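The values are calculated or read from the model by the stated rules, or taken from the named source; none is laboratory data. Not measured: the values here are computed from a predicted model. Heads up, the Cβs are rebuilt from the backbone with ideal geometry, glycines too, and the neighbour counts pull from every protein chain shown.
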Amino acid sequence: VAKTLKVSVLARDLRKGRECRRYCKDRSTVRVLYQDILLREPDAGGWKAWVGSYHRHRNLRWMRHRFVVSSESVHLRVNLRKNVKAAVGHLTRMLEDLDRHRGGKGPGKRLIP
């Protein structure tokens, strides 16, 4: 009985190790999706939920699609376009202002004749 118990405990521990490696790989996959699509590190709650979902479905294409159509991703893309336009306008005004204060010797101008 003792030998059987030891073998079954060993088998359980080996299965746990395999599950742990799979879980770690799933966490890594979900982290990459967060970084690539949501442009940020995962928060603890979201990471756990997405890893659980990936663990259940085992379908990377499905997971990618769910990330892309998530409200955070849509919001990020809409605001990114708006924020890029605002940033370009702001930089343009800064460079024009810099050019005015330097007497026309701003970006694109030769400083030494």
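Some observations on this one:
Rundown of residues vs (1) more than 15 Å from Lys25 (Cβ to Cβ); (2) in contact (Cβ under 8 Å) with a residue 24 or more places away in the chain, yes/no style:
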position: Ala44; (1), (2): yes, no
position: Trp50; (1), (2): no, no
position: Tyr54; (1), (2): no, yes
position: Asn59; (1), (2): no, no
position: Trp62; (1), (2): yes, no
position: Glu72; (1), (2): yes, yes
position: Asn83; (1), (2): yes, no
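- Hits in segment 40-63 - residues which are surrounded by 12 or more Cβ atoms within 10 Å (Cβ to Cβ) and under 22 Å from Val78 (Cα atoms): Pro42, Gly46, Met63
- Among all residues of segment 21-37, there is none that is modelled with pLDDT of 85 or more and outside any helix (DSSP H, G or I).
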